[in-house]
Amino acid sequence: MFEKTISAVSFLAALCLCGMASAETIALINPSFEQPAIGKIKTGFDDVTNDVPGWENGGSTYTDSGVESGGTSGDYLAFLKYSDDSVIQLTSHAIAAGEQFSLAFFSRNTSNQSTLRASLYYQDGSTRETMTAEDIVLTGTWTQYTVTFNANDLPASIGKQIGIEFNNVTVGASTWLGIDDVSLETTVVPEPPSLVLLGLAALGLAVYHRRRV
C-alpha cells in the first residue's frame, strides 16, 4: 500500500509539472523573409518603395543589406553587411515572470568570415533594452543556432514586449551574412515554492486515498 501511495504522488506531481511547463510558439511576422518576394532589396528593411513585412531597421545606415534569394527552406533570406546597422522585430508578446525564451534561427557567412550578434531585447518606451546577446562566428554552411534567456534573470523586462535583433558585428573586413527561418518559443518554468505546494497537494490526495482504502 505504501508503494502505491508513492506511485500516486509521483504520478500526480509529474502530471502537474507537465501541464505547467508547456512550450508556446510566439508569433512572428515573415519569419523566413519570404515577403515581399519581388527580388533583391539592398537598402534596408524599411525600404521606402519595398518594405519587408515584420522586420525593421535597427538603425539608420543601410548600404547593402536587406533580403535576397537563396533561403534554406523558402526562396528568400535576410542578408546583413558588416558596416550596416541591425534588423529587428518587436513581437506582441508581453514577458511574464518565470518564462524561459528560446530563439532559434539558421545563419551562415555569405562573404568572408562573419560574426553575427543575435539578441533578445525588451521595449521600454522608445528604447530597446538588451536582455541577452550572443556573438557567433559563422561558417559557410547553413547552421541552426539557439539563444536562450530566463525572464527572472532580468525583472525589469517583466511586463514588457519581447523583440529579436540581428547584427553583423564583423570588424575590419567586407563581409556579409545570411539569416533565415527564425522562431521564438517560451516555456513557463514553475517556481520552487510552486513545486513544493504541488508535491504536498499530491501527497495529501494520496494519503487521503490510502485511509479510505
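The values are calculated or read from the model by the stated rules, or taken from the named source; none is laboratory data. Since we're looking at a predicted model, the values are computed, not measured. Note that each Cβ is placed from the backbone with ideal geometry, even for glycine, and that neighbours are counted across all protein chains shown. The protein model used for the area step is the full one, side chains on, heavy atoms only, and it has no ligands, DNA or RNA in it. Shrake-Rupley method; radii C 1.70, N 1.55, O 1.52, S 1.80 Å.
Tabulated values for the structure
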quantity	calculated
Out of VAL189, VAL207, VAL182, sole residue that is hydrophobic (A, V, I, L, M, F, W, C) and modelled with pLDDT of 95 or more	VAL182
Residues of region 80-92 satisfying the condition of being open to solvent by 30 Å² or more (accessible area, probe 1.4 Å) and either closer than 20 Å to LYS160 by Cβ or among the small types (Gly, Ala, Ser) (or both)	SER83, LEU90, SER92
Search result, residues across region 45-76 that are part of a loop (DSSP other than H, G, I, E, B) and either in contact with a Leu (Cβ under 8 Å, 6 or more places away or on another chain) or of a type in the set (S, T, N, Q) (or both)	THR49, ASN50, GLY54, SER60, THR61, THR63, GLY70, GLY71, THR72, SER73
Residues that are in a strand (DSSP E or B) and open to solvent by less than 70 Å² (accessible area, probe 1.4 Å), drawn from region 131-161	MET131, THR132, ALA133, ILE136, THR143, TYR145, VAL147, PHE149, ASN150
Lone unmet requirement of (1) modelled with pLDDT under 95; (2) under 22 Å from the mean Cα position of the chain (by Cα); (3) open to solvent by less than 50 Å² (accessible area, probe 1.4 Å) for VAL9	(2)
Any hit, region 114-122, residues being surrounded by fewer than 17 Cβ atoms within 10 Å (Cβ to Cβ), closer than 15 Å to THR170 by Cα and hydrophobic (A, V, I, L, M, F, W, C)	no
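Residue-wise test of (1) touching a helix residue (DSSP H, G or I) at 6+ places or on another chain (Cβ under 7 Å); (2) surrounded by 16 or more Cβ atoms within 10 Å (Cβ to Cβ); (3) aromatic (Phe, Trp, Tyr).
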| position | (1), (2), (3) |
| --- | --- |
| ASP47 | no, yes, no |
| GLY59 | no, no, no |
| ALA78 | no, yes, no |
| ILE95 | yes, yes, no |
| LEU103 | no, yes, no |
| SER126 | no, no, no |
